[in-house]
Each structure stands twice: as C-alpha cells, then as structure tokens.
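**Q** Below are the structure tokens for one structure; questions will follow.
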Amino acid sequence: MFAFMNIPLLPEQASEFSKEYDVLFWYITGVSALGAGVVYSLLIYCCFAFAKKDGVAPKRILGSNRLEFLWTIIPLMFFLSFFVWGVRQYDVAINPPPEAYDREYTVVGKQWMWKVQHPTGHREINEITLQEGVAVRITGTSEDVLHDFGIPAFRSKFDVVPGRYTSAWFKPIKVGSYHLFCDQYCGQGHSQMVGKVQVLSQENYAAWLEGIYRVRDGKNPADGSPAWEGRKLFLKLQCLNCHNKESESRAPTLEAIHKSKRALQGGSTVVADDTYLRNSIRNPMKEVRDGWKPIMPAYTRAQVTEEELLNLISYLKSLKPGDLPSRTESSPAPVGAPNVPDSPVSPIPAPTTGGAR
Amino acid sequence: MADILLEPARLDYTPQMLPEPEMSFAAHPEHKHYLNHEYGLLSWLLTVDHKRIGLMYLVSVSIFFMFGGIAAGLVRTNLITPTGAILELDQYNKAFTAHGTIMLFLFLIPVIPGVLGNFLVPMMIGAKDMAFPKLNLASYYVWVAGALFFVWQLMVGGLDTGWTLYPPYSSKYSHTNVLYAGLGIFITGFSSILTALNIIATVHKMRCPGMTWGRLPLFIWAMYATSVIQILATPVLAVTVVMLAVERVAGVGIFDPNLGGDPILFQHMFWFYSHPAVYIMILPGMGVINEVLTCFARKNIFGYKAVAWSSVGIAVVGFLVWGHHMFLAGQGYYLAMVFALLTMLVAVPSAIKVFNWTATLYGGSITFQAPMLFALGFIVLFTIGGVTGLFLGTLGTDIHLHDTYFVIAHFHYTMVGGMMFAWQAGLHFWWPKITGKMYSDFWSRLAAIVMLVGFALTFLPQFAVGYLGMPRRYPNYPPEFQIYNVLSTAAAYVQGIGYLMPIFYLGYSLFAGKAAGNNPFRATGLEWQTSSPPSPHNFESTPEVYFGPYEYAVADGLKIIPLNDGKVRDIVHEDPDLVSENAAKEATHGS
C-alpha cells in the first residue's frame, strides 16, 4: 500500500555492499526487537499480574545472582556478535578490492558543492556518473570545513576532512539515479550540498564518456566532455541568435537534429549525419533546408578549427527536444554553476528513482 | 525523630492522601518549614539552604526548557515542507543550534543534579545540608552567569554551528557568536564541577549514623557516579573551548589545517567530554527510576549491588568510548575497533539496569500514579533508545546511519524518552515533598500518557527516515521524505501539549492543592520521614539508619522482631523470620 502511495519504506540496494549491509542491519534489528519484546512482555505481565490487590502483600525479593549473571552474559554475547560482524563489514567497507584502484575518483567538497574528478578526465559538479558493475574507489578532501560524502543507496559514507584524504569504494549494481548528501553540518547551505549519483549501463556509460549521453535531466552535456566544449562554442559563436525557439527565429532549432531526415530545397531528403552537420557549418549553401532562407554564414577554419568543429557537432548530436538554451542567455554559464540558466531548478534535485518502487 | 527508624511501629507508612490535620504540618499554621521560615527576595537570593537552591534551579531550568522547546517547535514546524515551511536556511541553523545548546547545557545537564540532586542528596543521607552550602549557592550563580552568556548570544543573533561546534567551521567560517556561546559553555562547566564536588564531599562526609555505602539509596549512587564524571570530564571541555577561542580570536592553528592544526583533535577532545556527558545526563535519571519503581511496586530493588555497580561501570567505561562518534571521521582502523568493542561493553550495564527494573516489579503490589507511569514510560522508551544505540556502536552499521535522523531518533529516545521522563517521574514523585501539596491525580496521569504517546510517535518515523538516509540538520530535504516529517511534526505538537500540562496542574496544586502530608506515597526513603515541606534543617534531630533503602515489604506488613538488645539491626541478615526462610531456601538449593 505504501509503495502504491509512492512512499519509500526501505532504501534502495544499489551497491554490492548495500546487500551485505542490510543483512547485518536486520540481524541487529531482529535481536533488538527480540530483546525489547522480552522486556516489554515482562513489564506488561508484571503490571497486570502484580497490580495492587487487597490483602496481598508484596514479596521481599532482594535479587538473584544467577539471573544477574544470565542477563549480563546473554546480552553481552549478542553485543559481541554485533561487534565481530560489524568489524568484518567495516573491513569490507574501507578496504577496496584491487580492481577498484583502476577507477579512482577524487572528490573535493567546498561550501556548498561537490566537485568530482573522473579518472577519464571528466569533471562533474554535484553529480557522479558511474558504470553499473564496476567497482570504483573515491578519495575526498575539503577546501574549507568538514563535509561528509554520503550515498544512502550504496550505504556508503565518509567524512571529507580538510587537510587529509579519506576514501571509500563502491560497486554499483543497479542502474538508476540516487541521492548524494552532505551528511556533516557545514554551514548555511548544508542542505543544498546535495547531488545525484547516476549509475549507467555499460553502453550508456560508454556513450556518456563520449559526451553524447546527457545527465542533469537531459539539459546539459557532462562537464568536460566534447559536447560540453561544443556547447560553449555554440554560445560563443552566437549560433543562438538565429537557431532559437523564438517565433521570429531565422533558422531551425537544431533540437533532435542528429539522424533526422531533412527535406532540402529542390525536393531531396538527407539524413542529418555527422557529415551533413559538418557541411552545414563549413559550407551551408551546399544543402539548404526546405522552408528556410539561405542566410547561414560559412564558418571557415579560421573561425572554427577542426577540433572545435568536432566538439560543436558533438553538442548538436546531444541536443534533444527542449535542450536548446533560451535566447536571453548571452554567455555560457560559468564553470561549476550548478543550475542551468534557463531552467528554474529547485534547491533539491528532483528525485527520479530515490526509493520509489 | 532521632529514633524514627529504630522502632518499626513508629514508621509512618500509612496512606496520607487525605488531609490529616494533626499529621499534616503543611496545613498547620505554625509549622515553620524551609519555604516560610523567612520571606523576602534576599532570603532566596542569598540562601545557603540546599532546598531553596534546588527550587531556584527548578525555576531557571524550566524557563530554559521552555526556550529550548520553542526552538524545537520551530525546527519541527519548518520541516513540514521539503523546502522549509517558515524559516530561512540561516534561521533554521540557528534554531536547531539553540535547541541543542539550551537543552544540553541549560537543561539536561543541570536539571536533575541541580534540582533533585540539591534538594534530595542531603535529605536522603540524613544530613542538614550540603557539605559546602556557600559553594552550592556559588555554583548556582556561576551557572546563571554562564546561562546569561547563552541568552546574550541568542539576543545578538544566535549561533549556527550546531551544539558540537566542530572546527574549522566554528573557528573560522561561522559568522555567528561562537565566543559568547563558548564562554557560556566554559562557565556553566565550572558550575557542574562545583556541584559535583559538593555532592561527592556530601556523600562521603555527611551521611547520618548507620547510612553505610551499602544502604545508600541508589539515587545517591547515581548522583555520585555522575559527579565523578563531571569532575573528570568537564575540565576537558573547558580546555577544548578555550583552544577553540584561541584559534578563533588569535588565529593560532590548533584545529584548522590551513594553520597547521587538526580538526579531528577537536572531535577527540570534544567527545572525551561529551560522551561521558550523555551519562551525566542519563545516570541521575536512572537513579530517580530506582526510587520511583521500588516505591510504587512496594518492593526492594532487584539486585541492589548490580544496579549500584552498573552505575559505576557506566561511569568508568563511559570514559573510554568517545571515539564511536568518529568512526567515519578519519580515525585509525584499530582505534575504531577498540572504541566499538568498548561501546558494546558499556551497553551491558544499561541492559542490566533495565532487566533489574523489570524484575523489581515481579511480586510487587503495584499502583499506577503519575510518577510510576513516567517511570514505566522511561523503561519502555529507554529500551528503544538503548538497542538503537547498538546499531550506531557497531562499526559496519554505523557507516550508513552516521549523521542521519536515525542518530537523532536514537539520542532523543535516550535523552528525552530517558532523561526527560525520569525528570518528570522525579518531579511528580517529590513534588509533594518539595511543596507540601498534592497535584491532580487524573491530570498528571493524563499528562504522562500524552507525553509518552506524543514522544514515541515523534521519533519513531525518524528511525525510518534515517534508515532511508535523510541527513540531520537539513532544513530542505527530498520530497519523498515529507510524509515521515509531517508525522513526526504532528506528534511533536502532541508532545508539546504534554509538556505544557504540568505547568497548569502543578501550578494549580501550589495554590489550591490538597495538603500532601509527610509521606503520601508511603515511601521508605529518609527524605519522607520528615515533614512536608521539610523544616529548614531537614530533620528535627539526626536520624539513624538500621537497614537498607527499599524495605517496602517490611513497611507493608512484614514483621521486624527487635533483637534482645532492643535494636533492629540489618534485617537482611538478622530478622529471624528471614534468616529461617533463607536457610530453608539455601538448603533446597544446596541439595
């Protein structure tokens, strides 16, 4: 019933460790419930059985060494079992498997954002994109105060401390998007220091690495990717002046252009592949879209280098419907700005899967 | 009064719920007691009477409890919506910090030692006053001075560091009044130390004849253990706060790594005090529960020695577990292991106490007035608080639960469900002794039930949302957690109503309550063997004690046969009936 009402009851098990963790958690829960159950049953029994009755005098009982011994030893044994199991689990949590050292991430916490550096060179702010089934190690430090890098779905958490390195590892096992929290109070924006953990399947992760697969709810390409570089160029070259969504726009919006069929002046049709996109920039008069005036200027190598052109195309390929920035944006968003300029973003990222079944 | 315990026939255990003019001194116009033997403001402000000082503490901590409660109300109300219902981010941070600092330093730590400790320690051991009455008054004023710094700090803009004051945020980044709050902590700490010193000296030197260590009420044992912790741990907090101030004011690098310091050092020092401090808060509460349970079950405490020594055990081992607050803070692996093991060990004495309390009820003749309801509530809630602590003391499970609402729920179950309920139990138990007036039976029971239900429902959802991962100190949170927060807040209002109720019926009892009589609950403690309210020097003459503290079975009809020399000795060993009973038992066990 609760699942139907979209209320999370249990946290997602999205990492290998989370499954192990929950076994111990429920073991302690079971023993605790049993212990509390015994105490409560005895309390209730005594309260009813020994409520004051006329003519019944209380007994004079001073204690019993046997019972004392019993209820010292039995809880102690259970507590020690928690301890031993807990140490084993802690051991697992702080000692990464060898393969995790092949994917070493670093994270820097600062008031109030997480900067994640991928081993592949990618950078992300308040987001971390991971591949399903691949163990990674993550090392953190802080630029200012204490923070804590916590991912509930992975049952992973470690304090991020200025002046020293702390680390954790995890092996995501479930595709999805999960919460990333700062768990150590760090000042005014503590509750804003949140983000998203994106676990992608192998092919999506590969696509993401190429800069095609978009994160951040499909608005922007990943920080540092070719598409991200391309977006900066797109804005710098003022492409948006014509390629926009305004009613008076003078050119197609380019959203979802890649691999679409384009009707050309003269009646022919082409598929908008990489070459078509390249031609449309270098030599726009070659193929002019039906219904539009041929006003697109040609961009030569002096204006756009080959490398830049690749990035630009990468960005165009990443554009899906609704992705194009609005025209009022005159300059690219500063590096590290968590919000996309044209979309009002709530302080808390909208949870996509966080626990909803 | 000297031989009041000498002759069992004169032990006054008859119910005195109805006014009995010839017995009830309070109703008697000429009866001079500690409240009416002098009048005027100065007679209160300059008093060295431990009972009056206890009352001054009662008024002061109640005011601060109200402030702390208002801050809690703001926090909970703000959490009704995921983006914060009423407060800005900064305001929220200041509200939860105010709630934490006020409740801890100005309510939980002083409440039972300050009010009940002051009032009862001398009376329970048959003394006229504390060992150092003037020091006692001084410690009150020192505490007030410290508290004024907290008030000042709140009035000039508040504090936003959380009560834990972790640097480098507190030493460098926070723009709020860290120094005033630090001074407040520093000064109230001295008050703690002075009170503790006084209690230790009193227990050692002021016990009346016959009050051996084995006959001390368990409340005294608990207060003694608490005082030892206070004396040993509080100076460390003072040192830590001074270091923090030095770094903040002079820029000397102690905790800030940019200046060559180490933030983990602060955490070690802070928790070296603050972990034992949770036992400073809970041990006196446990002491109260011993007194109340035995009285309303009409029973000896089950396992006097086990309960007494478990207090001492908690006090000693409690000093060695501070690192369990820092499993994820970057401390060493083996260090974490040692702390986790010791944490499991410190859980044992608490478990022993819970089992002993339960066993105490067995074979009793139980009545359920308000103090008993609060005490039973204490056991129910403290049990949950205790077992959920195991999740956090276990290395593996702490990883996920660290700094989530699970922690919040856990320590509220021990601090509020435990200490707050013990405080209410104690307040209701000794109110007739303190004021000479009896409060409404119906309303007080109702308040106990409202508080219990409100409290339990406030914090149960927080265990769930904590396991889901909601971090503490978050004014904004993911929307799927909202339902839990709304439930929690709704119950918090019920709880709030519960806390307001005693103001009315206890207040009413002051003016229109029935005279309580000397011993309305027919309790055996020495404090009940004198008039209500007690005379300025507690006892007409020094009492003598001949047996242990909880001989309710004796009081309720078991015969004590004086020995040939006319004195009643320790009935545990010397009552002929019992001796023969015990001998019979031993014989059966032996075979």
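The values are calculated or read from the model by the stated rules, or taken from the named source; none is laboratory data. This structure is a prediction, so every number in the text was calculated from the model and none was measured. Note that we place each Cβ from the backbone using ideal geometry, even for glycine, and neighbour counts take in every protein chain shown.
**Q** Would you confirm whether or not segment B:124-147 contains a residue that is surrounded by 21 or more Cβ atoms within 10 Å (Cβ to Cβ) and of a type in the set (V, I, T)?
**A** Yes: one or more hits.
**Q** Continuing with the same structure: What are the pairs, 6+ residues apart or on separate chains, where a residue within segment B:55-71 that is in a helix (DSSP H, G or I) has its Cβ under 8 Å from a residue that is surrounded by fewer than 19 Cβ atoms within 10 Å (Cβ to Cβ) and of a type in the set (V, I, T)?
**A** B:S60/B:V144
**Q** Taking A:L9 and the conditions (1) facing chain B (nearest Cβ under 9 Å); (2) under 25 Å from the mean Cα position of the chain (by Cα); (3) part of a helix (DSSP H, G or I), which numbered condition does it fall short on, given that it satisfies the others?
**A** Answer for A:L9: the failing condition is (3).
**Q** I want to confirm something. Restricting to segment A:263-311 and keeping residues that are closer than 18 Å to A:C242 by Cα and basic (K, R), which single residue is surrounded by the fewest Cβ atoms within 10 Å (Cβ to Cβ)?
**A** A:K293
**Q** Criterion first (within 14 Å of another protein chain (Cβ to nearest Cβ), at positive phi and over 19 Å from the mean Cα position of the chain (by Cα)) does B:G210 satisfy it?
**A** Working: within 14 Å of another protein chain (Cβ to nearest Cβ): no; at positive phi: yes; over 19 Å from the mean Cα position of the chain (by Cα): yes.
When the stated conditions are applied, B:G210 does not pass them.
**Q** Taking B:T383, is it in contact with a His (Cβ under 7 Å, 6 or more places away or on another chain), under 30 Å from A:Y90 (Cβ atoms) and part of a helix (DSSP H, G or I)?
**A** Considered against the rule, which asks whether it is in contact with a His (Cβ under 7 Å, 6 or more places away or on another chain), under 30 Å from A:Y90 (Cβ atoms) and part of a helix (DSSP H, G or I), B:T383 comes out as no.
**Q** While we're looking at this one, here's another question. Select, from B:L194, B:L179, B:L165, B:L148, the only residue that is aliphatic (A, V, I, L, M) and within 12 Å of chain A (Cβ to nearest Cβ).
**A** Matching residue, one of B:L194, B:L179, B:L165, B:L148: B:L165.
**Q** In addition: For segment A:161-180, give me the residue count where each residue is more than 7 Å from every other protein chain (Cβ to nearest Cβ) and at positive phi.
**A** Looking only at that region, the number is 1.
**Q** Do we find a residue being touching a Pro at 6+ places or on another chain (Cβ under 9 Å) and more than 30 Å from B:H402 (Cβ to Cβ) anywhere in segment A:19-36?
**A** No, that holds for no residue.
**Q** Moving to a separate point now. Against the definition (of a type outside the set (F, W, Y) and buried (at least 24 other Cβ atoms within 10 Å of the Cβ)), how does B:E291 come out, yes or no?
**A** yes
**Q** Which residue is nearest to B:I282 (Cα to Cα), if the candidates are limited to segment B:311-349 and must be more than 9 Å from every other protein chain (Cβ to nearest Cβ) and of a type in the set (S, T, Y)?
**A** Applying the filter and picking the extreme gives B:S311.
**Q** I want to confirm something. Restricting to segment B:468-483 and keeping residues that are assigned to a helix (DSSP H, G or I) and without any contact (Cβ under 8 Å) to a residue 40 or more places away in the chain, which single residue is surrounded by the most Cβ atoms within 10 Å (Cβ to Cβ)? Give the steps one after another, and end with the answer.
**A** Within segment B:468-483, the subset assigned to a helix (DSSP H, G or I) is B:468, B:479-483.
Now drop any that are not without any contact (Cβ under 8 Å) to a residue 40 or more places away in the chain, which leaves B:468, B:480, B:483.
Values: B:L468: 25, B:E480: 19, B:I483: 17.
Filtering first and then ranking leaves B:L468.
**Q** Here is a check on your reading of the model: is B:T101 in contact (Cβ under 8 Å) with a residue 40 or more places away in the chain and buried (at least 22 other Cβ atoms within 10 Å of the Cβ)? Outline the logic, then answer.
**A** Working: in contact (Cβ under 8 Å) with a residue 40 or more places away in the chain: yes; buried (at least 22 other Cβ atoms within 10 Å of the Cβ): yes.
In short, yes.
**Q** What's the total number of residues in segment B:387-413 that are surrounded by 24 or more Cβ atoms within 10 Å (Cβ to Cβ) and under 16 Å from the mean Cα position of the chain (by Cα)?
**A** 1
**Q** Hey, another quick one. Taking the condition more than 9 Å from chain B (Cβ to nearest Cβ) and farther than 27 Å from B:A329 by Cβ, does A:Q117 pass?
**A** It is false that A:Q117 is more than 9 Å from chain B (Cβ to nearest Cβ) and farther than 27 Å from B:A329 by Cβ.
**Q** So for segment A:82-91 (the condition being over 29 Å from A:F25 (Cα atoms) and assigned to a helix (DSSP H, G or I)), does at least one residue qualify?
**A** no
**Q** Determine which member of the set B:D256, B:D262 is crowded, with 23+ Cβ neighbours inside 10 Å and charged (D, E, K, R).
**A** B:D256
For (1) assigned to a helix (DSSP H, G or I); (2) out of contact with any Gly (no Cβ under 8 Å at 6 or more places or on another chain); (3) among the hydrophobic types (A, V, I, L, M, F, W, C), each residue gets a yes or a no:
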position	(1), (2), (3)
B:I264	yes, no, yes
B:Y273	yes, yes, no
B:P276	yes, no, no
B:I280	yes, yes, yes
B:L283	yes, yes, yes
B:T294	yes, yes, no
B:K299	no, no, no
B:V307	yes, yes, yes
B:A336	yes, no, yes
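**Q** Please pick out the residue among A:W71, A:W85 that is hydrophobic (A, V, I, L, M, F, W, C), in contact (Cβ under 8 Å) with a residue 12 or more places away in the chain and either at the interface with chain B (Cβ under 7 Å from one of its Cβ atoms) or within 30 Å of B:T397 (Cα to Cα) (or both).
**A** A:W85
**Q** Do we find that B:W357 is part of a helix (DSSP H, G or I), among the aromatic types (F, W, Y), in contact (Cβ under 8 Å) with a residue 40 or more places away in the chain and in contact with a strand residue (DSSP E or B) (Cβ under 8 Å, 6 or more places away or on another chain) in this structure?
**A** no
**Q** With B:Y484, B:Y477, B:Y493, B:Y467 as the choices, which residue is within 9 Å of chain A (Cβ to nearest Cβ) and within 30 Å of B:L446 (Cα to Cα)? Steps first, answer last, please.
**A** On the way: B:Y477 fails: within 30 Å of B:L446 (Cα to Cα); B:Y493 fails: within 9 Å of chain A (Cβ to nearest Cβ); B:Y467 fails: within 30 Å of B:L446 (Cα to Cα).
Exactly one residue qualifies, and that residue is B:Y484.
**Q** Okay, next question. Between B:R298, B:R248, which is within 14 Å of another protein chain (Cβ to nearest Cβ), in contact (Cβ under 8 Å) with a residue 24 or more places away in the chain and surrounded by fewer than 23 Cβ atoms within 10 Å (Cβ to Cβ)?
**A** Details: B:R298 fails: surrounded by fewer than 23 Cβ atoms within 10 Å (Cβ to Cβ).
Result: B:R248 is the single residue among B:R298, B:R248 that is within 14 Å of another protein chain (Cβ to nearest Cβ), in contact (Cβ under 8 Å) with a residue 24 or more places away in the chain and surrounded by fewer than 23 Cβ atoms within 10 Å (Cβ to Cβ).
**Q** Output yes when any residue across segment B:90-110 is assigned to a loop (DSSP other than H, G, I, E, B) and in the same structural domain as B:G548 (by TED's automatic domain parsing), and no when none is.
**A** No, the conditions are met nowhere in segment B:90-110.
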